[in-house]
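Colleague: My questions will all concern the structure given below.
The values are calculated or read from the model by the stated rules, or taken from the named source; none is laboratory data. On a predicted model such as this, the values are computed, not experimentally measured, just so you know. Here the Cβ is made from the backbone with ideal geometry for all residues, glycine too, and neighbour counts use every protein chain on show. Surface accessibility is based on the protein's heavy atoms, side chains included, excluding ligands, DNA and RNA. Shrake-Rupley method; radii C 1.70, N 1.55, O 1.52, S 1.80 Å.
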Amino acid sequence: TALVIGGGISGMTASLELANQGFKTYIIEKEKKLGGNLNHLNILYPIQEDASIFLNEIVSKVESNNNIEVHLESTINNVMGYIGNYDVSINNSKDEVLELKTGAIIVATGGQELKPNGLFQYDGKKKQVMTQLELEQKLQNTDKAWLEKLNRVTFILCAGARQKEGITYCSNVCCGTSIKNINVLKELNPNLEIVVLYRDFQMAKKEFEEYYRNRRKDAMFLRYDLDQMPKVTNIGKSPEKYKVEVFDTNLQDNL
Ligand code: SF4
């Protein structure tokens, strides 16, 4: 047997691989449903498929697999033992404690989007300043009237990432996601002007590079430096309006 902690896309994929090789597999998921972050995505790139269709297909494979036992709203209480022989106790939503025996444990607890509080006017409350995951959730909604009122959208990449201290690394996710979302926004509102402020553009694979090249015409790309961060000023409360200033390192000019 195997036990997978986390019922997101990684956990479900690992569970299906194990189950299809004949191993009884437990999935322990803390939320009420499987899917993790995939539940909050709109379109997947580079396959351009609706995330909910992709997710539903995998969830139905997991739920119909006799070798997989899913425990929702459950958390790990304790793990004892050694490789090949673990005793795991889990708590479920009914405050019951279940004891499971397993030979292997896969930790697939997923990732969290950085909320860049205090940067570029973001505080998690303003309607017009949002993270890309929050944008995806807005785009999942069938009511897109908010988009028709917009003239220009600015994406500021590396918000809080690749810093000198703290989060020093690149997620390798947000550049590609921005290209996808630029494309989605342009399809919904072709008159929308889109500006992307970036430091470096990181596309994880060759196929993503082509994805970027095929779509970069949809936006104006301006490069900024960590030492001269873009400045965002609130210039209107209702409707919300912002002024964005940036020193473009390619043009060597303030815009
Ligand atoms: S370079 Fe792109 S993928 Fe990497 S942290 Fe910055 S925005 Fe995200």
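Colleague: Quickly run through the stretch 6-28 and pick out the residues that are outside any helix (DSSP H, G or I) and over 30 Å from Glu187 (Cα atoms). Spell out the reasoning first.
Modeller: Quick first cut of the stretch 6-28, residues outside any helix (DSSP H, G or I) only: 6-8, 21-28.
If the condition is that a residue be outside any helix (DSSP H, G or I) and over 30 Å from Glu187 (Cα atoms), then Gly6, Gly7, Gln21, Gly22, Phe23, Lys24, Thr25, Tyr26, Ile27, Ile28 are the ones that fit.
Colleague: Something else: Could you check, for the stretch 159-169, whether at least one of its residues is among the polar types (S, T, N, Q), more than 14 Å from the ligand (Cβ to nearest atom) and open to solvent by 50 Å² or more (accessible area, probe 1.4 Å)?
Modeller: no
Colleague: Do you know which residues across the stretch 106-134 are open to solvent by 50 Å² or more (accessible area, probe 1.4 Å), of a type in the set (Val, Ile, Thr) and out of contact with any helix residue (DSSP H, G or I) (no Cβ under 7 Å at 6 or more places or on another chain)?
Modeller: Val107, Thr109
Colleague: Out of the stretch 224-235, which residues are in contact (Cβ under 8 Å) with a residue 60 or more places away in the chain, touching an Asp or Glu at 6+ places or on another chain (Cβ under 9 Å) and not in a strand (DSSP E or B)?
Modeller: Pro230, the sole residue that qualifies.
Colleague: Another question, if that's okay. Determine if the stretch 44-59 includes at least one residue that is in contact with a strand residue (DSSP E or B) (Cβ under 7 Å, 6 or more places away or on another chain), more than 30 Å from Asn181 (Cα to Cα), modelled with pLDDT of 95 or more and of a type outside the set (Ser, Thr, Tyr).
Modeller: The answer is no, given that none of the residues of the stretch 44-59 is in contact with a strand residue (DSSP E or B) (Cβ under 7 Å, 6 or more places away or on another chain), more than 30 Å from Asn181 (Cα to Cα), modelled with pLDDT of 95 or more and of a type outside the set (Ser, Thr, Tyr).
Colleague: In the stretch 90-135, how many are aliphatic (A, V, I, L, M) and either touching a Lys or Arg at 6+ places or on another chain (Cβ under 9 Å) or within 13 Å of Ala159 (Cβ to Cβ) (or both)?
Modeller: Qualifying residue count, the stretch 90-135: 6.
Colleague: May I ask you to list the residues in the stretch 205-223 that are assigned to a strand (DSSP E or B) and within 16 Å of the ligand (Cβ to nearest atom)?
Modeller: Of everything in the stretch 205-223, those that are assigned to a strand (DSSP E or B) and within 16 Å of the ligand (Cβ to nearest atom) turn out to be Phe221, Leu222, Arg223.
Colleague: Okay, next question. Can you name every residue in the stretch 172-192 that is open to solvent by 60 Å² or more (accessible area, probe 1.4 Å) and within 10 Å of the ligand (Cβ to nearest atom)?
Modeller: Of the residues in the stretch 172-192, the ones open to solvent by 60 Å² or more (accessible area, probe 1.4 Å) are 172-173, 187-188, 190-191.
If the condition is that a residue be open to solvent by 60 Å² or more (accessible area, probe 1.4 Å) and within 10 Å of the ligand (Cβ to nearest atom), then Asn172, Val173 are the ones that fit.
Colleague: Just a yes or no: is a residue in the stretch 139-158 part of a loop (DSSP other than H, G, I, E, B) and buried (at least 17 other Cβ atoms within 10 Å of the Cβ)?
Modeller: yes
Colleague: Still on this structure, please answer the following. Does Gly11 meet the test of being in contact with a Gly (Cβ under 6 Å, 6 or more places away or on another chain), touching a residue at least 60 places away in the same chain (Cβ under 8 Å) and over 13 Å from Phe54 (Cα atoms)? Please lay out each step first, then the result.
Modeller: On the way: in contact with a Gly (Cβ under 6 Å, 6 or more places away or on another chain): no; touching a residue at least 60 places away in the same chain (Cβ under 8 Å): yes; over 13 Å from Phe54 (Cα atoms): yes.
Spelling it out, it is not the case that Gly11 is in contact with a Gly (Cβ under 6 Å, 6 or more places away or on another chain), touching a residue at least 60 places away in the same chain (Cβ under 8 Å) and over 13 Å from Phe54 (Cα atoms).
Colleague: Hey, among the residues in the stretch 82-104 that are of a type in the set (A, V, I, L, M) and in contact with a Leu (Cβ under 6 Å, 6 or more places away or on another chain), which one's farthest from Phe23 (Cα to Cα)?
Modeller: Initial filter on the stretch 82-104 (of a type in the set (A, V, I, L, M)): 83, 88, 90, 97-98, 100, 104.
Okay, now just the ones that are also in contact with a Leu (Cβ under 6 Å, 6 or more places away or on another chain), so 88, 90.
Working: Val88: 17, Ile90: 20 Å.
Ranking the candidates gives Ile90 first.
Colleague: If I filter the stretch 193-204 for residues that are out of contact with any strand residue (DSSP E or B) (no Cβ under 9 Å at 6 or more places or on another chain), within 16 Å of the ligand (Cβ to nearest atom), open to solvent by 50 Å² or more (accessible area, probe 1.4 Å) and in a loop (DSSP other than H, G, I, E, B), do I get at least one hit?
Modeller: Yes; the residues of the stretch 193-204 include at least one that is out of contact with any strand residue (DSSP E or B) (no Cβ under 9 Å at 6 or more places or on another chain), within 16 Å of the ligand (Cβ to nearest atom), open to solvent by 50 Å² or more (accessible area, probe 1.4 Å) and in a loop (DSSP other than H, G, I, E, B).
Colleague: Out of the strands (runs of 3 or more DSSP E) lying entirely within the stretch 29-104, which hold 1 or more residues that are open to solvent by less than 70 Å² (accessible area, probe 1.4 Å) and in contact with a helix residue (DSSP H, G or I) (Cβ under 8 Å, 6 or more places away or on another chain)? Talk me through it step by step, then tell me what you get.
Modeller: Values: elements: 68-71, 75-82, 85-91, 97-102.
Once the strands (runs of 3 or more DSSP E) in the stretch 29-104 are filtered for at least 1 residues that are open to solvent by less than 70 Å² (accessible area, probe 1.4 Å) and in contact with a helix residue (DSSP H, G or I) (Cβ under 8 Å, 6 or more places away or on another chain), what remains is 68-71.
Colleague: Ser238: part of a loop (DSSP other than H, G, I, E, B), more than 16 Å from the ligand (Cβ to nearest atom) and either aliphatic (A, V, I, L, M) or open to solvent by 50 Å² or more (accessible area, probe 1.4 Å) (or both), yes or no?
Modeller: Judged against the criteria, Ser238 is a match.
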